[in-house]
Amino acid sequence: MVGARLISHAGSLTNLSKYPASTVQILGAEKALFRALKTKGNTPKYGLIYHSSFIGRAGAKNKGRISRFVANKCSIASRIDCFSEVPTTKFGEAMKEQVEERLEFYESGATPSKNADTMKKVIEGLKDAAGEDIEEPKSSKKRKVEEESTPSKKSKKEKTEKSEDKKEKKEKKEKKEKKDKKEKK
């Protein structure tokens, strides 16, 4: 129900997927946000997301935290739903489990699973179910290639030597220009 309201408020699923999680978190509380910015008061912690059952189950102390976490998951889910070629509910179910784990973490301290691990499990499950190779996001492959091709970062010593060389060249150039001006006179 909250997802439908978020999509409706954003205008479309594509528009919602373009919003960062921080915007999704306060979507529906624009009036309170602008009032807070105008009066330099505290900004709202949640908008439409407040009506989620997850936030209702969280303790008063953790409502802001879980609101931010749910907004993050909503943002990721909207991007997956909007831009994936094959529609599936597996990612949404995995994210729902992550939110449940996070609620448990705030109550008891049980360690929640990491997002990257959860997404890899879902992708592997989809690969197994389809019996074919589903490509991982291309950005991760690009990053790996770029990391391999770029040389390691230069040390501070090399950087300072390089900047000193530039300064010396600049000083020599300025001296030469002054000398040329004197000769012309």
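Read the figures in this text as sums done on the coordinates, not as results from a lab. Keep in mind the model is a prediction, meaning the values are calculated, not measured. Every residue, glycine among them, receives a Cβ derived from its backbone with ideal geometry; neighbour counts consider all protein chains shown.
A DSSP coil position with no more than 15 other Cβ atoms inside 10 Å describes the following trypsin sites (Lys or Arg not before Pro) in the stretch 1-83: Lys40.
For the stretch 2-111, with equal point scatterers placed on the C-alpha atoms only and solvent neglected, what are the log10 I(q)/I(0) values from the Debye formula at q = 0.10, 0.12, 0.18, 0.22 1/Å, to two decimals? Values returned for q = 0.10, 0.12, 0.18, 0.22 Å⁻¹ are -0.30, -0.43, -0.91, -1.21.
Post the alpha-carbon centroid distance, the stretch 50-88 to the stretch 98-121, in whole angstrom. About 13 Å separates the Cα centre of the stretch 50-88 from the one of the stretch 98-121. What the phi angles of the stretch 91-103 give under the Karplus curve with 6.51, -1.76 and 1.60, with θ = phi - 60°, is a coupling list of 5, x, 5, 5, 5, 4, 4, 5, 5, 4, 4, 5, 4 Hz, glycine and proline written as x. Only the Cβ atoms of Lys and Arg (+1) and of Asp and Glu (-1) were treated as charged; on that basis the dipole of the stretch 2-111 about its Cα centre amounts to roughly 680 debye. For the stretch 23-109, GluC sites (Glu not before Pro) meeting the loop criterion (DSSP other than H, G, I, E, B) and having at most 11 other Cβ atoms within 10 Å: Glu85. Among the chymotrypsin sites (Phe, Trp or Tyr not before Pro) found in the stretch 30-60, not one is both in a DSSP coil and sparsely packed, with 11 or fewer other Cβ atoms within 10 Å of its Cβ.
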